[in-house]
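Structure first, then comments.
The values are calculated or read from the model by the stated rules, or taken from the named source; none is laboratory data. These numbers come from a predicted model, not from an experiment. So basically every Cβ, Gly included, is an ideal-geometry build from the backbone, and we count neighbours across all protein chains shown. These accessible areas exclude ligands, DNA and RNA; they are computed on the full protein's heavy atoms, side chains included. Shrake-Rupley method; radii C 1.70, N 1.55, O 1.52, S 1.80 Å.
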Amino acid sequence: MASPSLQERARILLDKNIKSGQNYFYTAPSLRKYPHQWSWDSSFHAIANSCLGRVDLAQGEILTLLSSMCSDGRLPHLIYQGQGLTHKSSHWIRWYWPDPYRSPLVQPPVVALAVQKIWEQSEDLPFLKEILPLVEKHFGWLRVHRSSANSPLVSVFSPWESGLDHKPGFDRLLGKLSRLPLGLYIALYWLEWRLSKCGFEEGEIRRRRYFEVKEVLFNVFYALGLEALGKLFLVLGDRSKAEGLARLSQEVVTAILEQCYDPAAQLYFDIDGRTWTLVREPAISSLSPLALPGLPSSRREELIGHLTSKGEFWSCFPIPSVPLSSPHFRARGRLYLWRGPTWININWLIWEGLKRHGYLWLADELAHKTKKLVELSGFREYYDPLTGRGGGERDFSWSTLAAIM
Ligand code: GLC
């Protein structure tokens, strides 16, 4: 249980980052650099707020997020609510987006876990009834538009969709541009421009073979989300829907365990959807199956071995986004993101997995070290895994998850 003062600090920060207007209410990731609404950030904020005893704020945030869902069920990865196009960071707005207020991409579907937390904390049945069909619609969209005939795993068409923007495994897949100075930024925008030429339509994107990755962390959230939806539909008494969702969740889990697994490394890697080969580049996503249900004990032990190895993921302030042994590891993620520093949203996910599988002492240890990061450096965007020094934005909202660990 977190000390009250850490929880209180988390509440104060989440309040400070609230953005609201006539028809929206959400928490910005940070007021300066990230003032808009991001899909997985908002879901993490809702999880934090629910567990901090503020279900009403969590509900407002998820309602706003889902109100921006497209009519076909796609949930945009970034939404310019209200102040949108006039805000000072509006240079990020891309004129080639079909809708200037909503990104044409998606992000990991953490929203189902947020709704599950809200339910657990409130047992608010009318809210659940209103919201669940919308969340299910988004998962249906992912299944139809992003899985393929040979696998239930879903694809991302841009590193931005994974939430792990500059993860080293993407470098090679992005081609030569990524090797230039600032090349990853150029490559990501160039890719998005080309996706726009395909109308962001999956058939055409696949035909042109620009970029298609069955990313492990995205699929872990997809499987966990399907599992959560199954349980929640059971609450609503819809047994056949619940069973269908639970079955699909199991299929996705099995596919991750079979198709993403590398027996030599005993880790999980993304699949390049164009060639159906593993991208053998260890990163935090390689450990994320630890959060899955039904993980055989031998596979659990392998992942725990990697997590607790001092030369890989068990740094002074775990969990580094890239293992310490990787040539890509940089403790201070100055230029590129997700290439070394510790991120608290991922620590929260792994912590949940450790509890699920009964590694309670390790879960406590991870929680303790995560809280220590906040004590030392505040709620930062990410942290140096060797020293605990904060990096990126200050007062970063999803780092309040430390207070509920
Ligand atoms: C960065 C992160 C992404 C996050 C966004 C807003 O782009 O890589 O995961 O959603 O910032 O916080």
Checked the stretch 274-310 for anything among the polar types (S, T, N, Q), under 18 Å from Phe221 (Cβ atoms) and out of contact with any helix residue (DSSP H, G or I) (no Cβ under 6 Å at 6 or more places or on another chain); matches are Ser286
Just checking, does the stretch 232-241 include any residue being of a type in the set (A, V, I, L, M, F, W, C) and under 25 Å from Ala149 (Cα atoms)? no
Of the conditions (1) away from the ligand (no atom under 16 Å from the Cβ); (2) under 20 Å from Gly73 (Cβ atoms); (3) modelled with pLDDT of 95 or more, Ser158 satisfies every one except a single condition; which number is it? (1)
Taking the stretch 168-192 as the region of interest, how many residues are open to solvent by 10 Å² or more (accessible area, probe 1.4 Å) and within 14 Å of the ligand (Cβ to nearest atom)? 2
Just give me the residues in the stretch 286-320 being polar (S, T, N, Q) and in contact with a strand residue (DSSP E or B) (Cβ under 7 Å, 6 or more places away or on another chain), in sequence order. Ser286
Condition check: of a type in the set (A, V, I, L, M) and buried (at least 21 other Cβ atoms within 10 Å of the Cβ). Does Val135 satisfy that? yes
For the stretch 65-117 the number of residues that are under 22 Å from Ile186 (Cα atoms), among the β-branched types (Val, Ile, Thr) and either more than 16 Å from the ligand (Cβ to nearest atom) or at pLDDT 95 or above (or both) is 1
Could we say that Gly140 is touching a residue at least 40 places away in the same chain (Cβ under 8 Å) and either part of a strand (DSSP E or B) or surrounded by fewer than 17 Cβ atoms within 10 Å (Cβ to Cβ) (or both) here? yes
Which one is nearest to the ligand (Cβ to nearest atom) among residues in the stretch 30-56 that are part of a helix (DSSP H, G or I) and more than 15 Å from Gln116 (Cα to Cα)? Asp41
So, Arg172, is that one of a type in the set (Lys, Arg) and over 23 Å from the mean Cα position of the chain (by Cα) or not? no
Helices (runs of 4 or more DSSP H) completely within the stretch 295-395 that count 1 or more residues being assigned by TED's automatic domain parsing to the domain that holds Phe44 and on the phi < 0 side of the Ramachandran plot: none
Selection within the stretch 210-246 - open to solvent by 10 Å² or more (accessible area, probe 1.4 Å) and acidic (Asp, Glu): Glu212, Glu227, Asp238, Glu243
Among the residues of the stretch 350-405, which ones are within 18 Å of the chain's Cα centre (by Cα), buried (at least 20 other Cβ atoms within 10 Å of the Cβ) and charged (D, E, K, R)? Arg380, Glu381
Among Ile256, Ile271, which is in contact with a helix residue (DSSP H, G or I) (Cβ under 8 Å, 6 or more places away or on another chain), in a strand (DSSP E or B) and either modelled with pLDDT of 95 or more or farther than 22 Å from Pro323 by Cα (or both)? Ile271
Being part of a helix (DSSP H, G or I) and of a type in the set (Ser, Thr, Tyr) is the filter here, so list the residues in the stretch 204-220 that pass it. none
Regarding Trp398, is this residue of a type outside the set (Gly, Ala, Ser), within 16 Å of the ligand (Cβ to nearest atom), touching a His at 6+ places or on another chain (Cβ under 8 Å) and not in a loop (DSSP other than H, G, I, E, B)? yes
Test: residue in the stretch 190-203 that is within 19 Å of Val135 (Cβ to Cβ) and part of a helix (DSSP H, G or I): no
Taking the conditions exactly as written (within 14 Å of the ligand (Cβ to nearest atom), out of contact with any Leu (no Cβ under 7 Å at 6 or more places or on another chain), at pLDDT 95 or above and under 21 Å from Leu224 (Cβ atoms)), does Leu142 satisfy them or not? no
